[in-house]
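The values are calculated or read from the model by the stated rules, or taken from the named source; none is laboratory data. Worth saying up front: this structure is predicted, and the values here are computed from it rather than measured. Cβ atoms come from the backbone with ideal geometry, glycine included; neighbour counts cover every protein chain shown. Keep in mind that these areas ignore ligands, DNA and RNA; they rest on the heavy atoms of the full protein, side chains included. Shrake-Rupley method; radii C 1.70, N 1.55, O 1.52, S 1.80 Å.
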Amino acid sequence: MVRAGTEVSLADTIYDVAVVGGGPAGYTAAIRGAEYGLKVALIDASPKLGGTCLHVGCIPTKALLFNAELWDHLKHAAEFGITGIGTPSLDWAAVLKRKNDIVTRHVKGLDFLMKKNKVTVIPGYGRLTGPARNGVHTVEVDKNGKKSEVKAKNVILATGSEAKMLPGLKPDDRILTNIEILDLPHPPKSLAIIGAGAVGVEFGSIFRSFGAEVSILEFLPRLVPVEDEEISKELARLFKKRGIDINTGARVEKVERTEGGVKVSFNDANGKPQVKEAEKVLVAVGRAPQTADIGADKTRVEIDRGFVKVNETMETAEPGVYAVGDIVADLPQLAHSGSMSGMVVMAKIAGRAFRPVRRDRIPGCTYTEPQIGSVGLTEAQAVEKGYDVKVGKFPFAGNSKATIVGGHDGFVKIVSDAKYGEILGVHIIGPQATELIAEAVAVMELEGTVEEMMFTVHAHPTLSEAMLDAYGAVEGMAINA
Ligand code: NAD
């Protein structure tokens, strides 16, 4: 059965491209393919398009985050001269409803976009059946045991990822992944979090705002270990200030249900056994690619520890079969890595101009309070690569707009190469960091230099002036510090 887009799907229709998976990587590819005039089928096992990002990832999480931010502001309403509102209370059911309404609205938006672009949406689980025959691939589509075939000249695999679990654990009402934590009947009084990557620190930040006692247990020596070390340090400082309990170098041994909650046993950084008890535990130890049952074994598609190997146009070792998004080896598991890789593939298939996705130009955005936005090399990575590294750092404390919005914590850090002033990395922790980083990504993509940015006009008063000052700081010439 065909859900949206073209009205009829003949068994012998040969599509230009069949996309398997309707998350941000897959649906973006599908739309872009249609925009190029290609005939596109989008196969998804779920009855609703959008994947992890829309249903149990970026969108619902950021909806909760916005509530948490409002709630934090309300706690300090008097500081902003707002009085007479009494004691605000949190209507959790309304918070969840708003989050769910946002998701529903965007699901409808996607259905609309599929129709508008005449993408044929085919519900069911897609699998490769083997190499192309006479240039045509056959994808088996399994809908509740009923099998059909979709034929296409090219196939894009975009099957996404799922939360990893610790051995022996299964998610339930107390042991949570990114999925269960989004629909708790009330904010937990206490929350233990295993893993301090984006998922762990974001939910830690959100539920701390909603009043939970939060304990974070991270195996590595610092929070957000992929970020620049100074960013991790600043986040840890600010989390501690917010009363979040941080345990780095923690080796989790056991997670058990207790009468009223959970008990996490771990060895601390000194190897000393410790226990944390909480109402709930969130397991946020990474995501595994969903590639076990996509028929890759029937083709030349190479899989390495679950991840699909691709070349710079995202093509696998099987000609005409591409992979995008969370299943791709060496590509950060981010919605925007997925969507951009999808756009690259469609340009390649359509024979149009494109720029391959550069791993070092993908922004990382972590939606904590305060936010983190970063792109490119950390200072340590730049040193390791042998650059003559020159760093500029500017604190938001010196930025007038930061004062106005009450966001003095954090800084902008520029990592540059002394020789040509090349910008190697930009690392921001502070207000609107996830928006500010866009400037840095564009500048790096266009190979701008520190000097060029020092003479690029930034409006006043804006948070973006902190970027201008940070570029100046590379030459020891910040104005406001
Ligand atoms: P992650 O891989 O980013 O972080 C997992 C963390 O858990 C790591 O720091 C790791 O050292 C730690 N860890 C692993 N095993 C552990 C153990 N047994 N005990 C203690 N710590 C342990 O994974 P994630 O945070 O689950 O996120 C999954 C993916 O989704 C990542 O690629 C992430 O970037 C992405 N994501 C991105 C965003 C965003 O961009 N804002 C939000 C959510 C998720």
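Check 423, 404, 349 and return the single one that is touching a residue at least 24 places away in the same chain (Cβ under 8 Å) and within 29 Å of residue 64 (Cα to Cα).
Values: 423 fails: within 29 Å of residue 64 (Cα to Cα); 349 fails: within 29 Å of residue 64 (Cα to Cα).
None of the other options fit; the residue is 404.
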**OP:** Among the numbered conditions (1) within 13 Å of the ligand (Cβ to nearest atom); (2) in a helix (DSSP H, G or I); (3) open to solvent by less than 10 Å² (accessible area, probe 1.4 Å), tell me where residue 199 comes up short.
**Re:** (3)
Original post:
Which one of the conditions (1) part of a strand (DSSP E or B); (2) of a type in the set (A, V, I, L, M, F, W, C); (3) surrounded by 15 or more Cβ atoms within 10 Å (Cβ to Cβ) does residue 275 fail to meet, given that it meets all the rest?
Top reply: (3)
**OP:** Check residue 165 against each of (1) within 11 Å of the ligand (Cβ to nearest atom); (2) crowded, with 22+ Cβ neighbours inside 10 Å and name the one condition it does not meet.
**Re:** (2)
**OP:** For the range 360-386, enumerate the residues that are within 13 Å of the ligand (Cβ to nearest atom) and closer than 27 Å to residue 159 by Cα.
**Re:** 362, 363, 364, 365, 366, 367, 373, 374, 375
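Looking only at the range 237-256, filter to residues that are more than 16 Å from the ligand (Cβ to nearest atom) and touching a helix residue (DSSP H, G or I) at 6+ places or on another chain (Cβ under 9 Å); which one of those is most open to solvent (accessible area, probe 1.4 Å)?
At the first step, the residues of the range 237-256 found to be more than 16 Å from the ligand (Cβ to nearest atom) are 237-238, 240-243.
Imposing the further condition that a residue be touching a helix residue (DSSP H, G or I) at 6+ places or on another chain (Cβ under 9 Å) reduces the set to 242-243.
Working: 242: 56, 243: 35 Å².
So the residue we want is 242.
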**OP:** Restrict the check to the range 177-190 and report whether at least one residue is open to solvent by less than 10 Å² (accessible area, probe 1.4 Å) and over 21 Å from the mean Cα position of the chain (by Cα).
**Re:** yes
Original post:
If you take the residues in the range 68-105 that are farther than 28 Å from residue 141 by Cβ and open to solvent by less than 30 Å² (accessible area, probe 1.4 Å), which one is farthest from the chain's Cα centre (by Cα)?
Top reply: 77
Original post:
For the range 202-220, what are the residues that are more than 9 Å from the ligand (Cβ to nearest atom) and of a type in the set (D, E, K, R)?
Top reply: 208, 213
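Taking the range 221-235 as the search range and keeping residues that are open to solvent by 20 Å² or more (accessible area, probe 1.4 Å) and under 13 Å from residue 200 (Cβ atoms), which one is nearest to the ligand (Cβ to nearest atom)? Write out each step before concluding.
Of all residues in the range 221-235, those open to solvent by 20 Å² or more (accessible area, probe 1.4 Å) come to 221-222, 225-226, 229-230, 233-234.
With the extra rule that they be under 13 Å from residue 200 (Cβ atoms), the set shrinks to 222, 225-226.
Working: 222: 9, 225: 5, 226: 7 Å.
Restricting to residues being open to solvent by 20 Å² or more (accessible area, probe 1.4 Å) and under 13 Å from residue 200 (Cβ atoms), the top hit is 225.
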